[in-house]
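To start, the structure itself, in structure tokens.
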Amino acid sequence: MTDDRTPPTAQGDEPEIVLDVQDAVRHYPLRRRSLREPRRSVHAVDGVSVRLRSGRTLGIVGESGCGKSTLGRLITGLETPTSGAVRVGANGTPAAAASGRGTVQAVFQDPASALDPRMMVRQSVAEALGGVGRDERDRRVDEAIAAVGLTPDFGSRYPHELSGGQQQRVCIARAIVGEPDLILLDEAVSSLDASLQAQILDLLERLQRDTGTAYVFISHDLRAVRQVSHSVAVMYLGQVVEQAPAEAFDRGLLHPYAVALRSTEPRILDDGVEPVERVVLRGEPPSAVAPPAGCRFAPRCPIVEDHCRRVAPDLVEATPGHLVRCHRPGDLTLSGVARADAGTPAEV
Ligand SMILES: Nc1ncnc2c1ncn2[C@@H]1O[C@H](COP(=O)(O)OP(=O)(O)OP(=O)(O)O)[C@@H](O)[C@H]1O
Ligand SMILES: [Mg+2]
């Protein structure tokens, strides 16, 4: 993120809030084999609160199964929270009521399955627009197709005549044509090769500068997330364990899980790849059916103390805009990751 990506504000006012998630919980009940068996559920999202303003991007990262897509489905109103509230758009509409009405749109990983193979590109994009007059519809569809970098002749092509990157551009055209306040991108560039990824990320940044749409950008790929996000939330077992400005990921991460995740991403420098010490976490994430008592990361944490196993830490603000859920924030450091003075021995 660079300063020129910061959206303009009227007389220094903050841009409006277009996503407000308050203590959202989504549990999936498990089927019981007998009535005597206790009721159990998967704690997919377990008390997430995030806010996002117009023109900004919130990144969400974390291992497979940590709840990223479930949070995405709550944000797009495809599912309702078990408890808590998810409001979208400048009017703060509950996400479930806004779903399908154009306030919030989504782009997923596999563009081929998102597009109807029998529909020409123009029809697919127009379908996302809903009830507007024909001239208005044609104009907006043309604009959306041009905005994603496709020439007008693509309008009369079918999905099978397009490359994966072109198909994803059509999905993005569908998402932007109704001028939503918010777009959820769930692994939207993950299946594209590196150069196509770069093109699509540049496209998303340009569209955001032009339209002020906010993005929630979910990905396994921390590097892609850092490139497009203003703020990044790191999830672990259904909870946010750290949320920080993208710059903090170069140095200044505070949660041991976030430091470990960051350490798996090599830093590409102009003259090669800088080796970064890796924190290899032992074991798999514990079951989301029975999350551990105390800190959920304690069973895998390299700097765990007794206290961590007993008492669950709260998510607290370390500095403005930087939140962390840890009893020992900042205590796990790595040369080249958390500290500027590369060469210092890692403490693990
Ligand atoms: N419909 C469902 N019914 C039961 N459990 C579910 C359902 N959807 C998700 N889960 C469970 O909820 C947890 C979170 O899943 P989710 O798909 O949100 O993770 P994710 O972070 O998006 O993972 P990935 O990186 O693999 O996409 C997992 O344990 C998953 O098995
Ligand atoms: Mg997912």
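Observations
- Prolate/oblate/rounded label for segment 86-227 (Cα gyration tensor, a/c 1.5): oblate
- Once the 1.4 Å probe is applied to the protein heavy atoms, segment 26-184 comes out at 50 Å² accessible per residue.
- Taking the charge dipole of the chain about its Cα centre, with +1 at Lys and Arg Cβ atoms and -1 at Asp and Glu Cβ atoms, the residue from Ala194, Val225, Leu35 reaching farthest to the positive side is Leu35.
- By accessible area, using a 1.4 Å probe on protein heavy atoms only, the chain has 49% of its surface on carbon and sulfur.
- P(r) of segment 52-102 over all Cα-Cα pairs, binned every 10 Å from zero, in whole percent: 24, 51, 25, 1
- Relative contact order of the chain, taken over Cα pairs closer than 8 Å and 6 or more residues apart, is 18 percent.
- Cleavage-rule hits (trypsin sites (Lys or Arg not before Pro)) in segment 110-192: DSSP loop, at most 11 neighbouring Cβ within 10 angstrom: Arg118
- Enclosing the Cα atoms of the chain in their convex hull gives a volume equal to 168 cubic angstrom per residue.
The values are calculated or read from the model by the stated rules, or taken from the named source; none is laboratory data. Predicted, not measured: the structure shown is a model, and the values here were computed from it. Every residue, glycine among them, receives a Cβ derived from its backbone with ideal geometry; neighbour counts consider all protein chains shown. The accessibility values were calculated without ligands, DNA or RNA, using every heavy atom of the protein model including side chains. Shrake-Rupley method; radii C 1.70, N 1.55, O 1.52, S 1.80 Å.
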